[in-house]
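Report on the following structure.
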C-alpha cells in the first residue's frame, strides 16, 4: 500500500516527466526562435533582489524564506534575470530564457493546478517598448499554437496579479485596464492559467538600472509557462 | 475605500463635465497624479499619460458607480470603456437610466 504524504509538487515517474520535458522543449524552441540565450538560475534568490523588485511589498503572503534574513525560494524565474543584468547598458534588445523551480506559499494546493513548488519556463525580453509590443503578439500566437498541439485550446484573458494589500487593489485594476498581464486560460479547467504574458513597462529597468544606449530604462516583458499545469492536462499522446 | 461623493447629475453632458471637474479637482489634490500641461478634456488619454494612476482609479470607479447608481462590472474595466472621459460617459451614462433623486 502506498502511503500518501504531503507534497509541495507532484512526484513523477519517468514517463510523466517526459511529457513535461517535451512541452518545455516546444517553449524552449519558441525562445530559440526569438534569439534567446538560455540561462540556468538557482532555486534560491537573495531577499534584497526581491526587495528591489518590490516583491516583498506586493506579495509577502506568497514569499517563502529559506533562512530568516538573507535567502528566499525563488517565486519566479525572471527576477534572477533582472538582478543578473543590473547596472548594464544593453546595446541591443535581449531575450533570455530559463526553466526553473519556483515556490509560492499558496493557501491551498492541488497537483497540476496550484502547487507550492512548480516548474516554470520563462522567456524574458528587455528592450524598447515598440519591440516588446511586437514581440508580445508573436509570442501570443506561438503559445496558442503550442497549446493547441497539446490539446489545450484556450483563450487569452486580461488578468491581474494577486496583490496582498487592499490598497494595491488599484494596481490590480490598472493591470487589467492596461492589459499589462494577459493569461492563456484553459476553459475546461475553470479558466486555469496555463501561461501569461506580463508587460512591465520600464519598472524593472528602473529598479535594476538596466538601460538603453540613450540612458533610458529598458522596457521588459516576460512570457511565463507553467509546465506542471501543461503536463497535468495535456493530451499525452499529442505531446 | 473612496470617500468622494459624486454630484447628482441629470444628463450626459453634465456627467462628463462633473467627471472632468472631479479629475481636475479632488482626484489630483488627493493623489497628485502627473497632471498634463493642458487641462483635461473629454478626449484626454487618462491612463497612458499618467493622469490617473493606480490610486486614482479606485476613486474614479467609485465616482462612476456613485454618479450612475450602478456597479461597474469587472469585464468593463477595459480601455475601450475607460480610456477617456468621453469613453467613460458613453459606456456608463444612460440618460434613460439616470439615478432618481
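At a glance:
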read-out	value
Distance between modelled label sites at residue B:48 and residue A:214, nm, 7 Å Cα→Cβ extension	1.7 nm
Among A:138-149, A:91-102, A:191-202, A:115-126, the order from most to least packed when residues are scored by Cβ within 10 Å on average	A:115-126, A:191-202, A:91-102, A:138-149
Shape box of chain A [Cα atoms, principal axes, largest first, Å]	62, 41, 33
Other protein chain Cβ atoms within 10 Å, averaged over every residue that makes up B:47-55	3
Alpha carbon centroid spacing (whole Å) that separates the range A:107-141 from the range B:44-73	29 Å
Cα gyration tensor, the range A:48-171 - rounded (a/c under 1.5), prolate or oblate	oblate
Cα-based Kirkwood hydrodynamic radius, the range A:1-56, one decimal, Å	15.1 Å
Expected 222 nm ellipticity per residue - DSSP helices of 4 or more, -39500 (n - 2.57), all of the protein assembly as shown, to 500	-10000 deg cm²/dmol
For chain A, built as a Gaussian network whose Cα springs stay under 10 Å, the top-fluctuating residue of A:168, A:32, A:76	A:168
Test item: B:58-67 mean partner chain Cβ contacts at 10 Å	1
Cα gyration tensor category, rounded, prolate or oblate, for the range A:1-111 with a/c compared to 1.5	oblate
Paramagnetic reach from residue A:179 (point 7 Å along Cα→Cβ, amide N under 13 Å) across the range A:143-163	A:156-159
Förster radius 51 Å - calculated FRET efficiency between residue A:4 and residue A:128, Cβ distance, rounded to 0.05	0.50
Computed E for residue A:110/residue A:69 - FRET, C-beta separation, R0 45 angstrom, nearest 0.05	0.90
Percent antiparallel among DSSP beta bridges (both partners in the range A:14-238, rounded to 5)	90 percent
Calculated FRET efficiency for the pair residue B:13/residue A:206, C-beta based, R₀ 51 Å, to 0.05	0.80
Cβ crowding within 10 Å averaged over residues, with A:213-219, B:12-18 ranked highest first	B:12-18, A:213-219
Shielding score for A:171-184, defined as the mean number of other chain Cβ atoms within 10 Å	4
Cα centroid separation, the range A:11-38 to the range A:225-239 (Å)	11 Å
Fluctuation leader among A:25, A:224, A:36 - chain A, Gaussian network, Cα springs under 10 angstrom	A:25
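Quick note: the coordinates plus some simple rules give every number you see, no bench work behind them. Just so you know, these numbers come straight off a predicted model, no measurement behind them. Here Cβ is always computed from backbone atoms with ideal geometry, including for glycine, and neighbour counts include all displayed protein chains.
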